[in-house]
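Asks: Below you'll find the structure I mean.
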Amino acid sequence: MSGQHLIDRERLFGAQNYAALPVVLAHGRGAHLYDVDGRRYVDMMSAYSAASFGHLHPRLVKAMRDQLERLDIVSRAFHSDNLGAFYEELAGYAGLDACLVMNTGAEAVETAIKAARRYGYDELAIPQDTAEIIVAHGNFHGRTTTIVGFSDDPAARRGFGPFAPGFSHVPFGEAAAVERAITPATAAVLIEPIQGEGGVIVPPAGYLAELRRICDRHGILLILDEVQSGFGRTGRDFAFMHEDVRPDAITVGKALGGGLLPVSAFIATRRLMNVFTPGSHGSTFGGNPIATAVGREAVALMRDEALAERSRRLGEVQLGALRELRSPAVLALRGKGLWAGVELDPGAAKAKDVCLALLRRGVLAKETHESVLRLAPPLVIEEADLLAAVRALGEALDEACLERARAAD
Ligand code: PLP
């Protein structure tokens, strides 16, 4: 069946909630993906960092296969023989005390919101049902109704209200604004260390350390959403480690599932985790034995393959090569580790056109917010592939500029 036929079928029987690029993928290995016609692409997107270990990493596949020979899903109504070790290893990896495992990133964030509110009532004596959480403008934390309720992206919100109250907004990257926004009802600050979907926005150095000082001064929680920035993406195991701060909790997801299945977690101090009591929260699939086996191997791989360090080193290569491009269409370059945002001048080139031109050159990348091209290859990518992809980007930018100029004529 042709690629176009498969795309039409998706369109006919599916919801139109993604504007996918016109490529139909059939298999993948490492940093390479192959379409139904056998054409090879360099993956510069890693499924929004879910495939940070590359596709079908043999150790992750083996861990999952071995588990499938033994035990599948039993629910949390019973204990299972790997879960305690997973908690210990994951909490230790993050430098925190305890874990609550869920499935998607959005669920981990929902868990964080529940934890923060309950902590606010139980520990901070905030009057019942009035707790507030401070979030940033331009945030992206997932797609549940509560979470899109505090997004300021009209496309994510339109038609989905009424939304839950209890969130106040501050500009991202301005620590002083957080302090001004704190009220007696504030329980927590919930922030991405780097805004991913917002366009790979890197805050000024010292931002997280200053947030930590402010939260301590006011006795409130600092919760960092590391769903996209965690697991080596920024060149450290977690983005907060660049500033040597210890948050009260983080949310993780994506790479934790090794690209094989959804695994997410809320990881916190013991004191904060203690707000959860039997019946207060849960998930049928969260912490299931298959997810546990893959999650344990993902944490082990980060260490065994020194992937955060690889991300730091190759991230410098990527940013250096991007700087060399000198396209008139590029307004700004941002990034940390193997994670870059290329901000385009929409008058010179459309990000979507650049992605299509990249696709024709065998490189898969996707725009965010129409004018930013996000580059987040698997951390296992070879330097030669990375440099070839950036060279292709140079050509794609030239082509998209020409297209734009022609359209303007
Ligand atoms: N938090 C952040 C920072 C994210 O980038 C995302 C997804 O892109 C999420 C949460 C939601 O994760 P999921 O799509 O697995 O629900």
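Asks: With the chain treated as a Gaussian network of Cα nodes joined by springs under 10 Å, which of Arg39, Arg76, Arg391 yields the largest mean-square fluctuation?
Replies: Looking only at Arg39, Arg76, Arg391, the biggest GNM fluctuation is shown by Arg39.
Asks: Here's another thing I want to ask about it. Can you bin the stretch 42-96 into rounded, prolate or oblate? Criterion: square roots of the alpha carbon gyration tensor eigenvalues sorted a ≥ b ≥ c, rounded for a/c under 1.5, prolate for a/b above b/c, oblate for the rest.
Replies: Because a/c hits 1.5 or more and a/b fails to exceed b/c, the stretch 42-96 counts as oblate.
Asks: Now, a different point. If the limit is 25 Å between Cα atoms, which of Lys114/Lys366; Lys336/Lys366; Lys62/Lys254; Lys62/Lys366 go over it? Before the final figure, lay out the partial values.
Replies: On the way: Lys114/Lys366 32 Å; Lys336/Lys366 18 Å; Lys62/Lys254 19 Å; Lys62/Lys366 30 Å.
Going by Cα-Cα distance, Lys114/Lys366; Lys62/Lys366 fall outside the 25 Å limit.
Asks: Additional query: Please identify which residues in the stretch 105-119 have an amide N closer than 17 Å to a label point set 7 Å out from the Cα of Ser280, following the Cα→Cβ vector.
Replies: 108-119
Asks: Please work out the FRET efficiency for the pair Thr269 and Ala85, using the Cβ-Cβ distance as r and a Förster radius of 25 Å; give the result to the nearest 0.05.
Replies: On the way: r = 20 Å, r/R0 = 0.80.
So the FRET efficiency works out to roughly 0.80.
Asks: With a point put 7 Å past each Cα toward its Cβ, work out how far Met1 is from His137 in nm, to one decimal.
Replies: For Met1 paired with His137, the spin-label model returns 4.6 nm.
Asks: If you don't mind, there's one more thing I want to ask. Relative to the first principal axis of the alpha-carbon coordinates of the chain, what is the inclination of helix 307-325, with its axis defined by its Cα atoms, in degrees from 0 to 90 and to the nearest 10?
Replies: Taking Cα atoms only, the helix is inclined about 40 degrees.
Asks: Build a GNM of the chain with springs between Cα atoms under 10 Å: which of Val74, Val294, Val61 gets the top mean-square fluctuation?
Replies: Greatest mean-square fluctuation among the candidates belongs to Val74.
Asks: How big is the convex hull of the Cα atoms of the chain, per residue, in Å³? Kindly include the intermediate steps, with their values, before the conclusion.
Replies: Details: hull volume 63.1 nm³, N = 409.
Cα-based convex hull of the chain, divided per residue, equals 154 Å³.
Asks: How high is the FRET efficiency between Thr145 and Glu123 when r is their beta carbon distance and R₀ equals 22 Å, given to the nearest 0.05? If you can, show how the numbers build up before the last one.
Replies: Details: r = 27 Å, r/R0 = 1.22.
Computed FRET efficiency for Thr145 and Glu123: 0.25.
Asks: Follow-up question, since we're still on this one. Calculate how steeply helix 351-360 sits against the longest principal axis of the alpha-carbon atoms of the chain, using the helix alpha-carbon long axis, and give the answer as 0 to 90 degrees to the nearest 10.
Replies: With both axes taken from Cα atoms, the answer is about 60 degrees.
Asks: Taking the stretch 56-121, which GluC sites (Glu not before Pro) meet the DSSP loop condition and have no more than 12 other C-beta atoms within 10 Å? Walk me through the intermediate numbers first.
Replies: Values: sites: Glu69, Glu88, Glu89, Glu107, Glu110; in loops: Glu69.
Answer by residue number: Glu69.
Asks: Quick check: net charge around Pro171, other residues with Cβ under 15 Å of its Cβ, Lys/Arg +1 and Asp/Glu -1? Numbers along the way, then the final one.
Replies: Working: positive: Arg180; negative: Asp152, Glu174, Glu179, Glu192, Glu210.
Net of charged neighbours comes to -4.
Asks: In the stretch 326-390, which trypsin sites (Lys or Arg not before Pro) fall in coil by DSSP and have 11 or fewer other Cβ atoms within 10 Å? Numbers along the way, then the final one.
Replies: On the way: sites: Arg326, Arg334, Lys336, Lys350, Lys352, Arg360, Arg361, Lys366, Arg374; in loops: Arg326, Lys336, Lys350, Arg361.
Those that pass, being in a loop and sparsely packed, are Arg326.
Asks: To continue, here is another question. Find the relative contact order for the chain and round it to a whole percent, using C-alpha pairs within less than 8 Å whose residues are 6+ positions apart.
Replies: Numbers: 819 pairs, mean separation 89.2, N = 409.
Rounded, it is 22 percent for the chain.
Asks: Sticking with this structure for a sec: Local charge sum around Phe150 (other residues, Cβ-Cβ under 11 Å, Lys/Arg +1, Asp/Glu -1)? Each step should come with its number before you reach the end.
Replies: Values: positive: Arg157; negative: Glu132, Asp152, Asp153.
Overall, the nearby charge balance is -2.
Asks: Something else about it: Contour minus end-to-end for Ala164 and Ala177, with contour as 0.36 nm per residue of separation and end-to-end as the Cα-Cα distance? Walk me through the numbers before you get to the answer.
Replies: On the way: separation 13, 0.36 × 13 = 4.68 nm, distance 2.26 nm.
Here the answer is 2.4 nm.
Asks: Determine the shape class of the stretch 94-157: with a ≥ b ≥ c the square roots of the Cα gyration tensor eigenvalues, call it rounded for a/c under 1.5, and otherwise prolate if a/b is greater than b/c, oblate otherwise. Present the calculation step by step, with values, prior to reporting the outcome.
Replies: Working: a/c = 2.17, a/b = 1.24, b/c = 1.74.
Verdict is oblate for the stretch 94-157.
Asks: Mind giving me the FRET efficiency for Arg406 and Ala209? R0 is 30 Å, r the Cβ-Cβ distance, nearest 0.05 is fine.
Replies: The formula returns an efficiency of 0.05 here.
Asks: Find, among the chymotrypsin sites (Phe, Trp or Tyr not before Pro) in the stretch 190-263, those assigned to loop by DSSP (not H, G, I, E, B) with at most 10 other beta-carbon atoms within 10 angstrom.
Replies: Answer in residue order: no site qualifies.
Asks: Sticking with this structure for a sec: With only Lys, Arg, Asp and Glu charged, each at its Cβ (+1 for the first two, -1 for the last two), find how big the charge dipole of the chain is about the Cα centre; round to the nearest 20 debye.
Replies: Working: 44 positive and 51 negative charges, 56 e Å.
It comes to approximately 260 debye.
Asks: Taking only protein heavy atoms and a 1.4 Å probe, what accessible area per residue, in Å², does the chain have with all protein chains in place?
Replies: Values: 18210 Å² over 409 residues.
Per residue, the chain has 45 Å² of solvent-accessible surface.
Asks: Cut-off under 16 Å on the C-alpha distance; same-chain residues fewer than 8 positions from Lys352 excluded. Which aspartates and glutamates are left, in chain and number order?
Replies: Result set, ordered by chain and number: Glu197, Glu343, Glu367, Glu370, Glu395, Asp398, Glu399, Glu403.
Asks: Let me ask something else. Just going by the charge dipole of the chain, with Lys and Arg at +1 and Asp and Glu at -1 on Cβ, which of Asn274, Leu222, Ile73 is farthest out on the positive end?
Replies: Ile73
Asks: Could you please report the charge total around Pro378, scoring K, R as +1 and D, E as -1 over all other residues with beta-carbon less than 11 angstrom from its beta-carbon? Walk me through the numbers before you get to the answer.
Replies: Values: positive: Arg29, Arg233, Arg310; negative: Asp43, Glu382, Asp385.
Here the count lands on 0.
Asks: What's the carbon and sulfur percent of the chain's accessible surface, probe 1.4 angstrom, rounded to a whole number? Walk me through the numbers before you get to the answer.
Replies: On the way: 9520 of 18210 Å².
Carbon with sulfur: 52 percent of the solvent-accessible area.
Asks: I would also like to ask the following. Going by alpha carbons, how many degrees (0 to 90, nearest 10) lie between the helix axis of 105-123 and the longest principal axis of the chain?
Replies: 20
Asks: Measure out, as a whole number of angstrom, how far apart the alpha-carbon centroids of the stretch 160-220 and the stretch 368-409 sit.
Replies: Between the Cα centres of the stretch 160-220 and the stretch 368-409 lies a distance of 32 Å.
The values are calculated or read from the model by the stated rules, or taken from the named source; none is laboratory data. Remember, it's a predicted structure, so these values are computed and weren't measured experimentally. Quick reminder, even Gly has a Cβ in these numbers, built from the backbone with ideal geometry, and neighbours come from all protein chains shown. For accessibility, only protein heavy atoms count, side chains too; no ligands or nucleic acids. Shrake-Rupley method; radii C 1.70, N 1.55, O 1.52, S 1.80 Å.
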